[in-house]
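Notes follow once the structure below has been shown.
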Amino acid sequence: MILNAVEIGRLTGRSEPLNLLDRVLEKDSNALVALTNVTINEEFFQGHFPGNPVMPGVLIIEALAQGCEILLADSQSTLKLSQIKKARFREMVKPGDQLTIKVKRKLEDEFVFKTEAYIQNKLACSAELAFS
């Protein structure tokens, strides 16, 4: 199932500028692969950091959470992010990067997800996200 940014916004309830996912490439009931295009025009680059623009980690986590929310949209419950565990930031995300967001439901708990963000094939961020 491929979704564009408008369809993603409808599923997550987010609008610009907080709709961080640009496209969903693959989706089934337990996993999702999506893309986020990071451009120099993003407002957060004005202050984070002048002369060395870096995407804030909280926004990378937000993009991962939005991927989880798309998977949760199939369930009839309204769930919100409740815990961020084991978050690790390994690469700086810069303007011009394209993040590949990978989300996988942990089988032992349907509301806990293993999430990863890649720049090309390099792991930029990973976290376990729980919803309640």
Out of the residues in region 74-132 that are within 17 Å of Leu59 (Cβ to Cβ) and acidic (Asp, Glu), which is nearest to the chain's Cα centre (by Cα)? Glu116
Could you check region 92-132 and list, in sequence order, the residues that are closer than 19 Å to Asn52 by Cβ and in contact with a helix residue (DSSP H, G or I) (Cβ under 8 Å, 6 or more places away or on another chain)? Val93, Pro95, Leu99, Ala124, Cys125
Criterion: farther than 22 Å from Leu11 by Cα and hydroxyl-bearing (Ser, Thr, Tyr) - qualifying residue of Ser126, Ser77, Ser29: Ser126
Within region 30-69, can you find the residues that are in a helix (DSSP H, G or I), of a type in the set (A, V, I, L, M) and modelled with pLDDT under 95? none
Does Thr115 meet the test of being among the polar types (S, T, N, Q), crowded, with 17+ Cβ neighbours inside 10 Å, under 23 Å from Asn4 (Cβ atoms) and in contact (Cβ under 8 Å) with a residue 40 or more places away in the chain? yes
Scan Phe49, Phe44 and give me the residue that is among the aromatic types (Phe, Trp, Tyr) and touching a helix residue (DSSP H, G or I) at 6+ places or on another chain (Cβ under 8 Å). Phe44
Give Asn37, Asn41, Asn52, Asn19 a once-over and let me know the one that is of a type outside the set (Ser, Thr, Tyr) and in contact with an Asp or Glu (Cβ under 6 Å, 6 or more places away or on another chain). Asn37
If I filter region 3-18 for residues that are in contact (Cβ under 8 Å) with a residue 24 or more places away in the chain, in a helix (DSSP H, G or I) and under 13 Å from the mean Cα position of the chain (by Cα), do I get at least one hit? yes
Among the numbered conditions (1) under 15 Å from the mean Cα position of the chain (by Cα); (2) surrounded by fewer than 14 Cβ atoms within 10 Å (Cβ to Cβ), tell me where Asp28 comes up short. (1)
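The values are calculated or read from the model by the stated rules, or taken from the named source; none is laboratory data. All figures in this text were calculated on a predicted structure; none of them were measured in a lab. Glycine gets a Cβ as well: all are built from the backbone with ideal geometry, and neighbour counts include every protein chain shown.
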